[in-house]
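What follows is a short report on a single structure.
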Amino acid sequence: MATHHLITTHRVANSVEATPTRTFTITNTLKLDAKAELDALSRGLLAPAASIPPKFFYDAIGSTLYNAIVLTPEYYPTRTEAAIFEMFRAEIASFIGTGKQIIDLGSGDSVKAEAWFPTLKPSSYAAIDISETAVREALARLAGNADAPTLAGLITDFSRVLDVTSVMSKEPSLFVYLGSSIGNFLPDEALWFLKQVRAHCSAEGSGLLIGVDAKKDAARLDAAYDDALGVTAAFNLNTLRHVNQLLGTDFDVRGWQHRGFYNAALGRIEMHLEACRDLVVRVRGSSRKFARGERIHTENSYKYSPEQFRSILVEAGFTEPRLWQDERKDFNVFYAKA
Ligand code: AVJ
């Protein structure tokens, strides 16, 4: 069982006596194994249309598999976003300004945010993610750099309520939400989430830098979420292992297969786990039958046109949204002022 409300301070040993010691604190308020979370998870599994929320992808194996997904040739979003940043970094930075606190929502390995440090010269950096191992490793790496900003970590689930005030200072904030993670929300939820981000922007000069995947032809989207190596399949199937661990279910991972495809009518990727044969799974006291071909919905990943997303930003209370895209217009990067 995980330890909750755990606050740990790490002191990274000095290799050279003259180097200042970088310390950081990681606060963990994640309660994925709390009663309410497990109740919701089992209700999702027992529902006629079964589902598991995407946050259950990200245990230690899942976060590592996600880092492998972004290396596959088919999965274009991460490298396209990085290319947009490389191409327009100075121009984007001129709209953001220097010396802000960076609040990195879904920070993962923090590699994307770190690339901004030399240009934006943040006063502090807060890594916020559901995966404690990811944040621990990321901050340990960043702490090795003597020029690193003040560092903090927060392990939390912001999929329903965003509260990151505990890692914020009074400085103007740059919220970053990269890699099109916003796509996991339904459009209405995305609007609500962005309103919550906006409400956190109390200091004058705050803003949001966000990466949003664009609509494009179905074949490329299908391939990006069903890669030839099967990394995305492993990432999706790993959820069953993770749920077995959390809930004590007895999913046989070999009885399931990955489905990932673009639903053009809804403008979203859907990921599902599909039963390879008739199956029975023990879910706490009850048993849940799955007929061959029946699916568990594990993820939506919405794709937005620039116009669609611009109006969501404005409706959430942000102003002057600026857009940058790659040449093929595969991916959108917005900066908007609070
Ligand atoms: C982390 C939500 C941005 O939706 O593209 C990657 C997750 N799922 N491959 C995405 C994911 C399958 C990813 N996000």
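The values are calculated or read from the model by the stated rules, or taken from the named source; none is laboratory data. Just so it is clear, the model here is predicted, and its values are computed rather than measured. Positions of Cβ are generated from backbone atoms using ideal geometry, with glycine treated the same way; all protein chains shown enter the neighbour counts. These accessible areas exclude ligands, DNA and RNA; they are computed on the full protein's heavy atoms, side chains included. Shrake-Rupley method; radii C 1.70, N 1.55, O 1.52, S 1.80 Å.
Quick one: would you say SER173 is polar (S, T, N, Q), away from the ligand (no atom under 16 Å from the Cβ) and buried (at least 18 other Cβ atoms within 10 Å of the Cβ)? Before the answer, list the steps.
On the way: polar (S, T, N, Q): yes; away from the ligand (no atom under 16 Å from the Cβ): yes; buried (at least 18 other Cβ atoms within 10 Å of the Cβ): yes.
Criteria met by SER173.
Please specify each residue of region 197-232 satisfying the condition of being in a helix (DSSP H, G or I) and open to solvent by 20 Å² or more (accessible area, probe 1.4 Å). Spell out the reasoning first.
Pass one, region 197-232, residues in a helix (DSSP H, G or I): 197-200, 218-224, 231-232.
Within region 197-232, ARG198, ALA199, HIS200, ALA218, ALA219, ARG220, ASP222, ALA223, VAL231 meet the criteria.
Within region 86-134, how many residues are open to solvent by less than 30 Å² (accessible area, probe 1.4 Å), at pLDDT 95 or above, in a helix (DSSP H, G or I) and touching a Gly at 6+ places or on another chain (Cβ under 9 Å)?
2
Search region 78-97 for residues that are touching a residue at least 40 places away in the same chain (Cβ under 8 Å) and pair each with any residue that is assigned to a helix (DSSP H, G or I) when their beta-carbon atoms are under 7 Å apart and the residues are at least 6 apart or on different chains.
ILE96/LEU120
Of everything in region 292-332, what is more than 21 Å from the chain's Cα centre (by Cα) and of a type in the set (Val, Ile, Thr)? Give them in sequence order.
Within region 292-332, VAL314, THR319 meet the criteria.
I need the full set of residues from region 197-227 which are farther than 30 Å from GLY317 by Cα and within 14 Å of the ligand (Cβ to nearest atom), in order please. Before the answer, list the steps.
Keep residues of region 197-227 that are farther than 30 Å from GLY317 by Cα, which gives 217-227.
Answer for region 197-227, where residues must be farther than 30 Å from GLY317 by Cα and within 14 Å of the ligand (Cβ to nearest atom): ARG220, LEU221, ASP222, ALA223, ALA224, TYR225, ASP226, ASP227.
List the strands (runs of 3 or more DSSP E) inside region 234-315, counting only whole elements, that have at least 1 residues being closer than 24 Å to VAL333 by Cβ.
Values: elements: 256-263, 268-275, 279-283, 286-290, 295-302.
Qualifying strands (runs of 3 or more DSSP E): 256-263, 268-275, 295-302.
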